[in-house]
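Colleague: First the structure, then my questions, so here it is.
The values are calculated or read from the model by the stated rules, or taken from the named source; none is laboratory data. Only a predicted model underlies this, so the values are computations on that prediction, with no experimental measurement involved. FYI the Cβ positions are ideal-geometry reconstructions off the backbone, even for glycines, and counts take in every protein chain you see. Just so you know, the surface numbers come from the protein's heavy atoms only, side chains and all, with ligands and any DNA or RNA stripped out. Shrake-Rupley method; radii C 1.70, N 1.55, O 1.52, S 1.80 Å.
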Amino acid sequence: MEILAKNAASEHDLEQQFINYNENLLFERIKHISYMLIFTYPCFFIVDFILLANLNNPTYKFILSTFHIIDLVISLIFLILYRRSKSNARGPIILTYLFLYLFIGAVSSINSQLNNGNIYAYIIILLAAAVILPVQPRHQAGIITGIHLFFITGLFLLEKNHFSFLFKLVNSTGAAVISFTIAYAFYSFRKNNFTNEWKLKKNEESFRRLFHINPNPLVLFNLETSNILLLNQQAIEYFHLKNKDMTKLDGWFMLTTPEEKQSIVEKLEEHQNLKNYMVKHKQKWSMLNFELVNYLGERCVLIGSTDITDLKETEEELYQHASLDPLTGVLNRRRGMEILSQYLQDGSTEFIVCYIDINNLKMVNDKYGHSAGDDLIMTCCETIKRHIRENDVLFRLGGDEFIILFFEPQMEVAQGIWSRIRSEFQDMVRTGQKPYPISASHGFYQYKPGTDLSPEEILELADQEMYKEKFMHR
């Protein structure tokens with residue numbers, strides 16, 4: 001019951017707001033009509049006292065000129081009331097003006113019966129009043145009905161021809177009905193439009209309130225211009241925008257490339273939203289959710305952001321544990337084989353596989369201990385990493401075996417890199433940096449696009465080449 005009472009009160013308030021709005025609008029229109037009548041009165045004066053001076057119908061001329069003067073007086077009185085009236089007194093003034101407007105039109109049309117027998121003035125004023133001054137339907141119906149009964153009575157008294165009276169009765173009554181229908185339509189349309197605007201304003205206020213109390217960073221901007229329309233405090237703090245000029249800030253500021261923006265716009269146009277889009281902005285990882293929305297008649301993009309920096313750091317740690325060899329810090333077998341498989345599936349890249357086997361690991365383990373064996377593996381691995389290039393891939397296949405993927409079509413380049421690695425091993429032995437010998441055997445296999453081999457088969461071919469060198473070493 002309490003909710004129903006609140007809804008009823010809200011509807012009553014809305015109704016009263018519209019009545020006040022409509023009265024203010026009509027009050028302004030009457031002001032313009034009054035000015036128009038005052039400025040056009042000289043024309044009426046010329047018609048009444050110059051053009052109709054020789055008309056042989058003094059009663060018609062007297063009534064016509066009298067009501068023109070009354071129009072002038074009413075307009076002057078209204079302009080005085082316009083400046084002095086309070087808003088709560090405008091309704092009665094508008095109804096009085098409408099009544100006088102229609103009454104003068106009816107009297108003028110009845111007066112026309114004395115001279116030319118037409119009722120055009122009454123019909124024109126009826127329709128004009130409906131368009132210009134649509135008041136509340138019950139008031140409009142009451143005024144039109146009263147004026148029309150007066151007009152019919154006057155018409156009946158002056159029109160002697162029975163059939164002519166009937167024709168004019170039908171035409172004038174039809175005009176009165178049409179006048180009310182037009183006024184009702186204009187009033188209803190304006191009321192519906194006012195109600196919709198009011199609801200839109202309330203929705204906007206609710207949207208703004210929810211927008212600003214949302215705990216997540218939110219950004220709303222125009223899709224066409226990228227101008228930011230709304231930005232909550234959480235977004236200002238999260239994206240460090242406190243001292244930024246929002247008028248110069250692009251709504252896509254968290255993205256890095258125009259291509260990325262274009263891709264997102266295309267997806268929004270197709271699906272209206274885009275979920276769980278990850279970006280990195282100033283050392284922070286964010287998960288963005290995009291929504292294409294309508295805000296105040298504009299197509300806008302609403303972006304909600306969730307901080308996933310901790311999650312990405314945890315993910316990176318898990319990746320390191322899952323992809324790196326714990327002893328050497330290079331890629332492990334699982335990750336290395338994944339990369340090799342990816343390039344084989346692509347089939348368009350030529351590369352060279354170098355199979356490496358560290359020599360004398362068992363002897364070092366037996367003579368110096370397993371810690372020295374681990375040190376031998378790490379020393380060889382660090383030496384290799386110093387000489388390979390940034391785009392080459394090094395991974396530990398297992399034990400004392402390593403693989404280098406040289407993304408280089410020239411075998412001479414790969415051989416030159418290995419020569420430098422072997423020379424550093426020899427320098428270590430010559431200078432006695434370690435108490436044990438340091439060396440490694442290697443074997444190359446060059447993969448060419450179109451070769452139908454599995455990763456294991458390629459490693460086997462490289463391994464066979466490595467064993468040739470291993471045998472010579474022994």
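Colleague: When you look at Lys282, is it modelled with pLDDT under 85, open to solvent by 70 Å² or more (accessible area, probe 1.4 Å) and either on the phi > 0 side of the Ramachandran plot or of a type in the set (A, V, I, L, M) (or both), yes or no?
Modeller: Taking the combined requirement at face value, the residue satisfies it.
Colleague: Can you tell me which residues in segment 209-224 are loosely packed, with under 13 Cβ neighbours inside 10 Å, modelled with pLDDT under 90 and part of a loop (DSSP other than H, G, I, E, B)?
Modeller: Passing the criteria: only Pro215.
Colleague: Sticking with this one: Out of segment 400-431, which residues are part of a loop (DSSP other than H, G, I, E, B) and free of Cβ contacts under 8 Å to residues at least 24 places away in the same chain?
Modeller: Gln410
Colleague: Scanning segment 230-251 for residues that are under 18 Å from the mean Cα position of the chain (by Cα) and open to solvent by less than 70 Å² (accessible area, probe 1.4 Å), which turns out modelled with the lowest pLDDT?
Modeller: The qualifying residue modelled with the lowest pLDDT is Met246.
Colleague: Another question, then. Within segment 371-389, can one find any residue that is β-branched (Val, Ile, Thr) and part of a strand (DSSP E or B)?
Modeller: no
Colleague: Shifting gears a bit: Here are some conditions: (1) open to solvent by less than 20 Å² (accessible area, probe 1.4 Å); (2) in contact with a strand residue (DSSP E or B) (Cβ under 9 Å, 6 or more places away or on another chain); (3) more than 20 Å from Lys470 (Cα to Cα). Ile421 meets all but one. Which one does it not meet?
Modeller: It fails just one condition, (3).
Colleague: A further question on this structure: With the checklist (1) touching a residue at least 12 places away in the same chain (Cβ under 8 Å); (2) polar (S, T, N, Q); (3) open to solvent by less than 50 Å² (accessible area, probe 1.4 Å) in hand, flag the one item Ser206 doesn't pass.
Modeller: Only one criterion is unmet by Ser206, namely (1).
Colleague: Are any residues in segment 133-166 in contact (Cβ under 8 Å) with a residue 24 or more places away in the chain, among the hydrophobic types (A, V, I, L, M, F, W, C) and in a helix (DSSP H, G or I), and if so, which ones?
Modeller: Of everything in segment 133-166, those that are in contact (Cβ under 8 Å) with a residue 24 or more places away in the chain, among the hydrophobic types (A, V, I, L, M, F, W, C) and in a helix (DSSP H, G or I) turn out to be Ala141, Ile143, Ile144, Ile147, Phe150, Phe151, Leu155, Leu158.
Colleague: A further question on this structure: Output the residues belonging to segment 372-416 that are on the phi > 0 side of the Ramachandran plot and either open to solvent by 40 Å² or more (accessible area, probe 1.4 Å) or in contact with a strand residue (DSSP E or B) (Cβ under 7 Å, 6 or more places away or on another chain) (or both).
Modeller: Passing the criteria: only Gly399.
Colleague: How many residues, within segment 351-371, are free of Cβ contacts under 8 Å to residues at least 40 places away in the same chain and either within 11 Å of Gly399 (Cα to Cα) or touching a strand residue (DSSP E or B) at 6+ places or on another chain (Cβ under 9 Å) (or both)?
Modeller: Result for segment 351-371: 2.
Colleague: Go through Gln140, Gln113 for me and flag whichever is touching a Phe, Trp or Tyr at 6+ places or on another chain (Cβ under 7 Å) and either of a type in the set (S, T, N, Q) or open to solvent by 80 Å² or more (accessible area, probe 1.4 Å) (or both).
Modeller: Gln140
Condition check ((1) more than 19 Å from Asn289 (Cβ to Cβ); (2) of a type outside the set (A, V, I, L, M, F, W, C)) across all residues:
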{"site": "Thr181", "(1), (2)": "yes, yes"}
{"site": "Asn196", "(1), (2)": "yes, yes"}
{"site": "Asn203", "(1), (2)": "yes, yes"}
{"site": "Phe207", "(1), (2)": "no, no"}
{"site": "Phe221", "(1), (2)": "no, no"}
{"site": "Thr225", "(1), (2)": "yes, yes"}
{"site": "Leu231", "(1), (2)": "no, no"}
{"site": "Tyr238", "(1), (2)": "no, yes"}
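Colleague: So for segment 2-19 (the condition being of a type outside the set (D, E, K, R), in contact (Cβ under 8 Å) with a residue 40 or more places away in the chain and touching a Leu at 6+ places or on another chain (Cβ under 7 Å)), does at least one residue qualify?
Modeller: Scanning segment 2-19, I find no residue that is of a type outside the set (D, E, K, R), in contact (Cβ under 8 Å) with a residue 40 or more places away in the chain and touching a Leu at 6+ places or on another chain (Cβ under 7 Å), so the answer is no.
Colleague: Taking the residues in segment 437-474 that are among the polar types (S, T, N, Q) and assigned to a loop (DSSP other than H, G, I, E, B) as candidates, determine which candidate is farthest from the chain's Cα centre (by Cα).
Modeller: Ser439
Colleague: Tally time: how many residues in segment 195-225 are closer than 14 Å to Gly304 by Cβ, under 17 Å from the mean Cα position of the chain (by Cα) and among the β-branched types (Val, Ile, Thr)?
Modeller: Counting residues in segment 195-225 that are closer than 14 Å to Gly304 by Cβ, under 17 Å from the mean Cα position of the chain (by Cα) and among the β-branched types (Val, Ile, Thr) gives 1.
Colleague: A further question follows. Which one is nearest to Glu266 (Cα to Cα) among residues in segment 294-322 that are of a type in the set (A, V, I, L, M) and either touching a residue at least 60 places away in the same chain (Cβ under 8 Å) or open to solvent by 40 Å² or more (accessible area, probe 1.4 Å) (or both)?
Modeller: Val301
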